[in-house]
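Undergrad: Take a look at this one; I'll ask things after.
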Amino acid sequence: MFLRGGIILAIAVPLVCAGPASGQGYPAKPIRIVVPYAPGGSTDVVFRILAPRLTEILGQTVVVENRPGGSSTIGLDIAAKSPPDGYTLGIPNITFCANPSLMKKMPFDTEKDLVPVSLVSVVTMVLAVHPSVPARSVKELIALAKARPGTLNYGSAGNASANHLATARFNYMTGTSMVHIPYKGGGPAVVSLVSGETALLFATIPSSIQHFQTGKLIPLGVSSLKRNAALPDVPSIAEAGVPGYEAFEWNGVVVPTGTPPAVIERLHQALAKALSIPEVRERMVTLGADPVGSSPEEFAAFIRKELATWSKVIKEVGITID
């Protein structure tokens, strides 16, 4: 039911046709990347790795601006309503494709107000627990949750975030019932888990790996079907007791509708170049983020398929925004 980062259907869309003079002279001033989450989460980490390289490639300063809240809609609404000139980039992720099925009223039209530039990376999550939780395997956690229904709480980066969706699906597939506590970003959600305020979290590997190394958190299983190179000793949740379980975070770049095709192509080329730099790839892979760097056409198809997928999943699982 979940897409894998490398499986993307290429469908041509008019917005990526070659553009003439409209892109000449771009960029001529600083570019901002609006990350719709608080600092410290996986999306923030990935784009802070990329920003300095994009600055070098584009010849203009590229800055990351965190605008969390509204289940990512605040930051993406800023991007959607910015001038369509390539100087404000929005960063969508899994929530971007889930929100239309969860929210009665969106501040922008997901399918009409923003256009794709590139899928940037796919990020595996890991089911992590606080050391005080008496479970050291996925099966032990399931048994504990069933013995204490409604008492274990789990954090997330916000309603409809990847952490929320992944845990809701875990509850559905295992017949468990755990309490959702949303935070304003992946960073705060990890902090709450480290402090013991929450019992567990489907954390992204980039935001949690350092806490595994220090023993402040315990990893029980990764959310991909296979083990992740960043945590080779941690089994997948599928192999650890929940056959078929899979969930992953992803992120990419979008710009306001009306952005000149030549500008979109320039941004796409810059992102592809940045993602091809060995040092960048190594840093991202080490943190658990797999670089992708798709074309705008491929990312458009990916988004359409994600929208359809999450519409079905949300209805099946019965996820609601608290």
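Undergrad: Find the residue count for segment 57-103, including only residues that are over 15 Å from I33 (Cα atoms), within 15 Å of the chain's Cα centre (by Cα) and among the hydrophobic types (A, V, I, L, M, F, W, C).
TA: The total comes to 4.
Undergrad: I need every pair where a residue in segment 177-190 that is under 18 Å from N251 (Cα atoms) has its Cβ under 8 Å from the Cβ of a residue that is among the aliphatic types (A, V, I, L, M) and buried (at least 18 other Cβ atoms within 10 Å of the Cβ), sequence separation at least 6 or different chains.
TA: Filtered contacts from segment 177-190: K184/A38; K184/A157; G185/A38; G185/A157; G186/A38; G186/A157; G186/A203; G187/A38.
Undergrad: Please enumerate the residues belonging to segment 233-257 that are of a type in the set (D, E, K, R) and free of Cβ contacts under 8 Å to residues at least 40 places away in the same chain.
TA: Start the filter on segment 233-257 by keeping residues that are of a type in the set (D, E, K, R), which leaves 233, 239, 246, 249.
Passing the criteria: D233, E239.
Undergrad: Could you check D233 against (1) within 18 Å of V129 (Cα to Cα); (2) outside the structural domain of G150 (by TED's automatic domain parsing); (3) touching a strand residue (DSSP E or B) at 6+ places or on another chain (Cβ under 7 Å) and say which number it fails?
TA: Failing condition for D233: (3).
Undergrad: A follow-up question, please. Please specify each residue of segment 265-322 satisfying the condition of being β-branched (V, I, T) and within 26 Å of S71 (Cβ to Cβ).
TA: Taking segment 265-322 and keeping what is β-branched (V, I, T), we get 277, 280, 285-286, 292, 303, 309, 313-314, 317, 319-321.
Those that are β-branched (V, I, T) and within 26 Å of S71 (Cβ to Cβ): V292, I303, T309, V313, I314, V317, I319, T320, I321.
Undergrad: Within segment 268-296, how many residues are surrounded by 20 or more Cβ atoms within 10 Å (Cβ to Cβ), assigned to a helix (DSSP H, G or I) and acidic (D, E)?
TA: 0
Undergrad: When you scan segment 297-322, how many residues do you find that are touching a Phe, Trp or Tyr at 6+ places or on another chain (Cβ under 7 Å) and either under 21 Å from I209 (Cα atoms) or not in a helix (DSSP H, G or I) (or both)?
TA: 0
Undergrad: I need the full set of residues from segment 122-149 which are under 25 Å from the mean Cα position of the chain (by Cα) and at pLDDT below 95, in order please.
TA: Hits for segment 122-149 are V122, V123, T124, M125.
The values are calculated or read from the model by the stated rules, or taken from the named source; none is laboratory data. What you are looking at is a predicted structure, and each value in this text was computed from that prediction instead of being measured. Ideal geometry is used to build each Cβ from the backbone, glycine not excepted, and the neighbour counts take in all protein chains shown.
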